[in-house]
Amino acid sequence: MLDKSKRKKHLRRLLPVLLAAPVFLWGCTARELESRRFPLALEVGSREGRLTFACAWPYVSGETQPEQDESSMDETDISENINKDGQINNDKITKVLADSIGEAVEKVQNLQDKYVDYSQVKAILWDRSLDADSPLGEQVLDWLEKNPVFARNILVFDTEETKMNLEQVQKQAEGQPGKYLENLYRNNSDYQKTTKTLKEVLYGD
């Protein structure tokens, strides 16, 4: 047992540690997560020499999209708020047109009220309008390679082969576009033949 004076000294040593503990624990709180927005799938392409870059966001099916049958759905369900540059920004998709990947990422961020965190991206739709060997295509690949939040097992879909785009994916995905695309790949041999992982795209088969 410690006597009274030794206990006081022991407590004085522990006090800074006890006071600092909440600071270290604060890093992974729900509040921090609430200050971030997580795209679950991306789409890249090009138009008139510029990069098209889109993010698909998670949403709660039924809360942000009224229930309706497939035949009654039109482009305004997803592509509302389109400006003259073809920019889209709503609770399901943000799409921008830019001269570089850096500008595209900045534009997406400036349209949000939360920090855009790409760590939950599960799939990328790559439109063949963006040549991977072109300067813009190389920029995108360099960004994906150097950004540690992108896992090497992210699926990269060829939109020419799959005949789908991010708007169509969101309509089918019920708010979980990343999981929807992963399931398509896992359960459909046709997608397995035409889809690569990010590692394969970056470094070859």
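Filter segment 160-175 down to the residues that are in a helix (DSSP H, G or I), of a type in the set (D, E, K, R) and over 24 Å from K199 (Cβ atoms) and list them by number.
Scanning segment 160-175 gives E167, K171.
Could you please let me know if Q139 is under 14 Å from the mean Cα position of the chain (by Cα), open to solvent by 50 Å² or more (accessible area, probe 1.4 Å) and of a type in the set (S, T, N, Q)?
no
Which is without any contact (Cβ under 8 Å) to a residue 60 or more places away in the chain, assigned to a loop (DSSP other than H, G, I, E, B) and surrounded by 17 or more Cβ atoms within 10 Å (Cβ to Cβ), of F150, F157?
F150
Taking the options D85, D131, name whichever one is part of a loop (DSSP other than H, G, I, E, B) and modelled with pLDDT under 95.
The conditions single out D85.
Under 6 Å between Cβ atoms, which residue pairs at least 6 apart in sequence (or on different chains) link something in segment 105-120 that is at positive phi and surrounded by 15 or more Cβ atoms within 10 Å (Cβ to Cβ) with a partner that is outside any helix (DSSP H, G or I) and charged (D, E, K, R)?
Every condition considered, no pair remains.
The values are calculated or read from the model by the stated rules, or taken from the named source; none is laboratory data. These numbers come from a predicted model, not from an experiment. Ideal geometry is used to build each Cβ from the backbone, glycine not excepted, and the neighbour counts take in all protein chains shown. Calculation scope for accessible area: heavy atoms of the full protein, side chains included, ligands and nucleic acids excluded. Shrake-Rupley method; radii C 1.70, N 1.55, O 1.52, S 1.80 Å.
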